[in-house]
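Participant: One structure, as structure tokens, below. Some questions next.
The values are calculated or read from the model by the stated rules, or taken from the named source; none is laboratory data. Quick caveat: nothing in here was measured; it's all calculated off a predicted structure. Here the Cβ positions follow ideal geometry from the backbone for every residue, glycine too, while neighbour counts run over all protein chains shown. SASA here: full protein model, heavy atoms, side chains in, ligands and nucleic acids out. Shrake-Rupley method; radii C 1.70, N 1.55, O 1.52, S 1.80 Å.
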Amino acid sequence: THWKHGGIVGVLGYGSGIIGRYIDLPEEFPGVEHFHTVRVNQPSGWFYTTAALRELCDIWDRHGSSILNVHGSTGDMIFLGTTTDELEPTFAELTAKGWDLGGSGSAMRTPSCCVGKARCEWACYDTMDLCYETTQHFQFEMHRPSFPYKFKVKCSGCPNDCVAAIARADMSVIGVWKDDIRIDQAAVKAYAGGEIKPAGGGTIYTKLDIKADVTDLCPTACMSYDGKTLKIDNKNCNHCMHCINLMPQPCGPAPRPAPPCS
């Protein structure tokens, strides 16, 4: 393409977090002669207040193109397009508001995670806490590239891998339960019969072909259904969550004890 990389473009004290972009036809397209990208370190789980989002947008309106990418494959909030002379003012305003740059280049990239226990019943560990602690621990490696190649850490709370850790990370941290999948045979019968009673009350009428949609599609063929009873050979179960996703009431990890009251 006509985009060329201009080498490391950074701000005072940082060698990472900004991707230099220049066009090789500046005379024909002077408006994008410089089009640098700024990576802003996202909060764990991508939780923002509306005030924080307005704050970020206001900063970018003042110093850049106003184009955002929420979020890139690395996980950061991406500010797309600004000139070299606007980089330091952008960085100054971000840090004054408590924001920091993410990783870029041959560095530790910004760790990212799913919402974990904050919103998801399937999370097997506190993904947001691990993401935060990892981010704090690797500050030097994130902001001063010293690796031969980039390195990404992503944290998923369960095998559903909503943060795409397997596909996008060099180190994937994925939570899984230690015990066997529990089966509620009465609930299995309800799914097969078409009358499901959710915890919130009422009745959902939907008939599931358990053999065709659940057991026949089990990746390790560890499940069987004879029309009455659902069985799992737990030694061969790889905890992929296919059955749990299709039948969250009959199947699932054994209930975990409730946290103590504070």
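Participant: In debye, nearest 20: dipole of the chain around its Cα centre with unit charges on the Cβ of K, R (+) and D, E (-)? All intermediate terms of the calculation are to be shown ahead of the outcome.
Facilitator: Numbers: 24 positive and 29 negative charges, 200 e Å.
It comes to approximately 960 debye.
Participant: Okay, moving on. Given contacts defined as C-alpha pairs under 8 Å and at least six residues apart, what's the relative contact order of the chain, whole-number percent? Each step should come with its number before you reach the end.
Facilitator: Values: 482 pairs, mean separation 34.6, N = 262.
About 13 percent, as a whole number.
Participant: Between 0 and 90 degrees, rounded to the nearest ten: what's the tilt of helix 127-137 against the longest Cα principal axis of the chain?
Facilitator: 30
Participant: State the number of lysine pairs found in the range 82-213 whose Cα atoms come within less than 23 Å, restricting to pairs 8 or more positions apart or on distinct chains.
Facilitator: 9
Participant: Let me ask something additional. Run the paramagnetic zone check for A92: 7 angstrom along Cα to Cβ, then residues of the range 38-81 with backbone nitrogen under 16 Å.
Facilitator: 59-60, 62-64
Participant: Related question: Protein chains only, probe 1.4 Å: how do S156, S224 rank by accessible area, largest first? Walk me through the intermediate numbers first.
Facilitator: Working: S156 0, S224 60 Å².
Result, largest first: S224, S156.
Participant: Angle check, please: helix 87-96 long axis (alpha carbons) against the longest principal axis of the chain (alpha carbons), in degrees 0 to 90, nearest 10.
Facilitator: That helix lies at roughly 50 degrees to the long axis.
Participant: To continue, here is another question. Could you compute how fast the range 1-103 diffuses translationally, taking Rh as the Kirkwood radius over C-alpha pairs and applying Stokes-Einstein at 25 °C with viscosity 0.890 mPa s? Give it in µm² per second. Before the final figure, lay out the partial values.
Facilitator: Working: Rh = 14.0 Å.
In µm²/s, the coefficient rounds to 176.
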